[in-house]
Structures are given as structure tokens and as C-alpha cells.
Amino acid sequence: MRQRPCLALVAAGVLALAVLCMPRVSVAAEPGSRAAINQAAAVNTELALAYMREGNLKAAREKIDKALQQNARTANTQMAAGFIYDKLGEKKKAMSHFEQAVKLGGKDDPDVVANAAVYFCMNGEPKRGEQYMLQAAASPLNARPDVAYANAGRCARGDGRPKDAEQSFRKALALNPKQPEALMQMAELSQDGGNGLQARAFLERYTAVAPVTAGTLWLGRTIELGLGDAAQAARYAQRLKDEFPTSEETARLFEAERAKP
């Protein structure tokens, strides 16, 4: 069996990526039949994605428009159209295609819903993105609902709704106590809410299961300064300088140190 080509939705931040896999056409149908037209649509969708990956957006649009004319009733083709029209800068059209993909394939493929959710969250529609992500999390076909709940929390937090965000993060952690994104987000939420001890605990849980980053060291320093542990804050600061000397957080640290009287 030939492997299906896959395309991940590229999103900013740490929203997890879902994958769009296009089925390979292996059996030729009778020319002119509906099956043959559907197969042609699938081939044109594959070609559209290939052209998009190569940066040939003109050819990608031609192929995806042809695929939609041939068969617009598949989630894969609608999802591919969403990717391509996003690349073309036509956000409203992209959103429409992502919505159609969810309507056509959402019940059978939570990855379709998750891809649409990521897109909406990153393009000014966080509430709709959160709803789609919660839908993906609730699907019995979703192998990683903890990731979907963590992403739903990020959507809500980005929309300025920390309580809704916390609810989703805690659902993620109930399913997977080692879910790194949820742990990190809860550490930040706890610190923002003035609960330094809880923030410290969540950060310690995070660093036990995920690689340390400049961001986590900066957060650790911030938490310890708030708790009055200058020695531990200094240790975080030194690690930041040693391990991430060119990071934005290290630049902020040097600026903060220079500002001290």
C-alpha cells in the first residue's frame, strides 16, 4: 500500500497541529462515471497541495478550484481549499472552506475539526475555534483529547477568558496529568492570578516532563521573585544566561538588572 501524503496546518505558538492526509487513488473507475469524477477530484486536490508546498499558488488555486467543481462534498478537498486560500490571503474564503470541511467530515475525523479550530483561533475567531476544539476533544475517535483540551484552553486564554481557559486545561490534566502545554499554561495562569505557590507547583510538574526553555526559566524567576526567594530566582536567572544567552528573555533579564539602583 502506498503511503498517503500528509499536510500539517502550520500555526503560530504551540497550538498542536493536526494532519490532513489525502487518500491515494488506486483503482481506476469507468470513464465519465461519478466514481471517476470523484477520483479526478481527489487527484486534483493532491496536486493542489503539492503545488502549494512548492510555492506555486497560481497552479494550486487552479487545481483546487477544479477539484471543488468535480466534487465539493469531501472534507479533504474543503480542508485543502482552506489551506490554499489562506496562503492566497483570502481569509474569509479560507474560513468558509474550513467550516464546510467540519460539516462534511467532523463526525468521522476529529483531526478535520482540530485543524479548523487552530485556524479560527489564530485568525481572529477564538470563540469559534474553542468550540471546534472542544468538539474535537469530545469525539470518541480522538486519540489525544488532552491535546485538544489544551488547545481549547489556549483559544480561551487568548480571548481574555482565563476561567474558561483554566477549565479546559484542568480537563486536559485530568486525562493526562503530564500534559506539558496544560501544565505550563496553568503555571502562567496561577502566577497571573497571584497564586505563586500553585504556579511553582505547576512549573515543577512541567519541567519534570518537558524540556526547559528560556520562557520557563523566565517564568520560574518571576515566580520566585514573587514568593520572596531571591536565591532561587538568581539560580533561574543564571541558567537563563548560561543556557539561552541570545534569547529575548535573557535580553529582558539584562535590562532588568541594569535598571536596578
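Counting only helices (runs of 4 or more DSSP H) that sit wholly inside the stretch 75-146, those with at least 3 residues that are under 14 Å from the mean Cα position of the chain (by Cα) are 110-122, 126-138. Within the stretch 228-261, the set of residues being among the charged types (D, E, K, R), at pLDDT 95 or above and farther than 14 Å from residue 214 by Cα comprises 229 only.
Out of 201, 233, 214, 208, which single residue is over 26 Å from residue 123 (Cα atoms), in contact with a Lys or Arg (Cβ under 6 Å, 6 or more places away or on another chain) and free of Cβ contacts under 8 Å to residues at least 60 places away in the same chain? Of 201, 233, 214, 208, the one residue that is over 26 Å from residue 123 (Cα atoms), in contact with a Lys or Arg (Cβ under 6 Å, 6 or more places away or on another chain) and free of Cβ contacts under 8 Å to residues at least 60 places away in the same chain is 233. Screening the stretch 213-251 for residues that are loosely packed, with under 15 Cβ neighbours inside 10 Å and not in a helix (DSSP H, G or I) and picking the one that is farthest from the chain's Cα centre (by Cα) gives 228. Of the residues screened, residue 185 is not one that is over 25 Å from residue 134 (Cβ atoms) and part of a helix (DSSP H, G or I). Looking across 48, 41, one residue alone is over 24 Å from residue 135 (Cα atoms), surrounded by 22 or more Cβ atoms within 10 Å (Cβ to Cβ) and modelled with pLDDT under 95. It is 41. When we screen 154, 128, 161 for residues that are charged (D, E, K, R) and within 23 Å of residue 108 (Cβ to Cβ), the only hit is 128.
Matching residues to (1) among the charged types (D, E, K, R); (2) within 20 Å of residue 237 (Cα to Cα); (3) touching a Cys at 6+ places or on another chain (Cβ under 9 Å):
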position	(1), (2), (3)
146	yes, no, no
150	no, no, no
154	yes, no, yes
205	yes, yes, no
225	no, yes, no
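Residue 111 falls short on exactly one of the conditions (1) touching a residue at least 60 places away in the same chain (Cβ under 8 Å); (2) open to solvent by less than 40 Å² (accessible area, probe 1.4 Å), and that condition is (2).
The values are calculated or read from the model by the stated rules, or taken from the named source; none is laboratory data. This is a predicted model, so every value here is computed, not measured. Because the Cβ atoms are built from the backbone with ideal geometry, glycine has one as well, and the counts that use them run over all protein chains shown. Note: accessible area is taken over every heavy atom of the protein model, side chains too, but ligands, DNA and RNA are not part of it. Shrake-Rupley method; radii C 1.70, N 1.55, O 1.52, S 1.80 Å.
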